[in-house]
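What follows draws every value from the coordinates through simple rules; no lab data is involved. The shown structure was predicted, so the numbers you read here are calculated from the model rather than taken from an experiment. Here the Cβ positions follow ideal geometry from the backbone for every residue, glycine too, while neighbour counts run over all protein chains shown.
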Amino acid sequence: MKLFHLVMNDTHHLPSLSALRAFVAVVQTGSFTEAARRLFLTQGAISKQIRLLEEHYGTPLLQRHSRQVQPTPSGRTLLPVAQDVVERLKEVERRLKTQTDILSLQVYVTFAVRWLMPRLGSFYQQYPLTQLRMDSMVYEPSELDPSIDQAYILFGRGHWPNMQAELLLAERLSPVCAPGMLAQLSCLEDLAGQTLFHTTRDYEEWMAWLATQQISSLAQYKHQVVDLHHLAWTAAASGLGVAIGDMELLKDELQQGRLVRPFDTVLETGCGYYLAYPDSYADHPGLQALLTWLRQQATGDAAT
């Protein structure tokens, strides 16, 4: 019993792994914001972990220099130990994961809600022994670590350093609205005065589509920015305005009449949704099952 208490006391006074991971990420990126992106956490969560770690050791570990965060002398003492702990645990996790069919997958929220989740039942029917450990994300991480056994469904042009990427769905954009608004939008000029929904503050998608109509100014429209495409499309379906829709992700809504297309022009942007993964993960049985199934689903969509 005495030995048990000694062991418990020793482990009780060790810092948390989450705090060490946050510390290493901040030092490596030189930024709380970039560390948060790398670890898929909020900046506030990173700050809290650093604060707990500094309270644990009773000394400042980081300091700001101009716009970059650097370790203090105490932080430099801790850094190699913290890096070693994090890397060793990554290696153990990698070895354990490859012994199972559990696949770790991170995916954009909108893609998950609109395309992946409604189809996922058929995946488990085909591959009942494969489990997906899914995490959603709003923003792509600033850096993908190829040493981590992790697959992603990312949006872009298919180029991520040290990652393999396979196109699943190409982006095809066109305005969408509620059926009740269709009579108000008989021609392009009728868009003037309407609320356009955006997911970026530079109005990038609307600007690109309107450029195909030789329109370069958005001054005649009202604008509403939301965080997610999913929210923009839901607002449009409720009759609150007009959104730019991805024809692949909105196929069910368009077929069922919850959304309609007031204009025929479809913009192919050259971007799309890709399954991306490091070379070290390529032979994972769960990844191969997922890739086979995704190809089937994407091919089926293209045929309809």
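In terms of surrounding Cβ atoms within a 10 Å radius of their Cβ, Thr292, Thr200 rank from fewest to most as Thr200, Thr292. Highest average first, the peptides 63-71, 258-266 ordered by how many other beta carbon atoms sit within 10 Å of their residues are 258-266, 63-71. With the simple model of a label 7 Å out from the Cα in the direction of the Cβ, Cys187 to Val266 spans 2.6 nm. Across the chain, C-alpha contacts under 8 Å between residues 6 or more apart give a mean separation that, scaled by the residue count, equals a relative contact order of 21 percent. Were the residues from Arg67 through Thr195 laid out at 0.36 nm apart, the gain over their Cα-Cα distance would be 42.3 nm. Compared with the direct C-alpha span, the chain from Leu89 to His159 gains 22.3 nm at full extension, assuming 0.36 nm per residue. In terms of the Cα gyration tensor, with a ≥ b ≥ c the square roots of its eigenvalues, is the stretch 178-269 rounded because a/c is under 1.5, prolate because a/b exceeds b/c, or oblate? In terms of gyration-tensor shape, rounded.
For Ala165, the shell of other residues with beta-carbons less than 13 Å away shows a net charge of -2, using +1 for Lys and Arg and -1 for Asp and Glu.
In terms of its alpha-carbon gyration tensor, the stretch 122-161 comes out prolate; a/c meets the 1.5 threshold, and the first ratio a/b outweighs b/c.
Peptides 36-46, 271-281 ranked from most to least packed by the mean count of surrounding Cβ atoms within 10 Å: 271-281, 36-46. In terms of its C-alpha gyration tensor, the stretch 177-230 comes out oblate, because a/c is 1.5 or above while a/b does not outweigh b/c.
Once C-alpha pairs closer than 8 Å and six or more residues apart are averaged by separation and normalised to the residue number of the stretch 2-93, the relative contact order reads 26 percent.
Please work out the Cα center distance from the stretch 151-197 to the stretch 232-269, rounded to the nearest Å. Here the two parts' Cα centres lie 8 Å apart. Placing a pseudo-label 7 Å from each Cα along the Cα-to-Cβ vector at Asp252 and Phe40 gives an inter-label distance of 2.2 nm.
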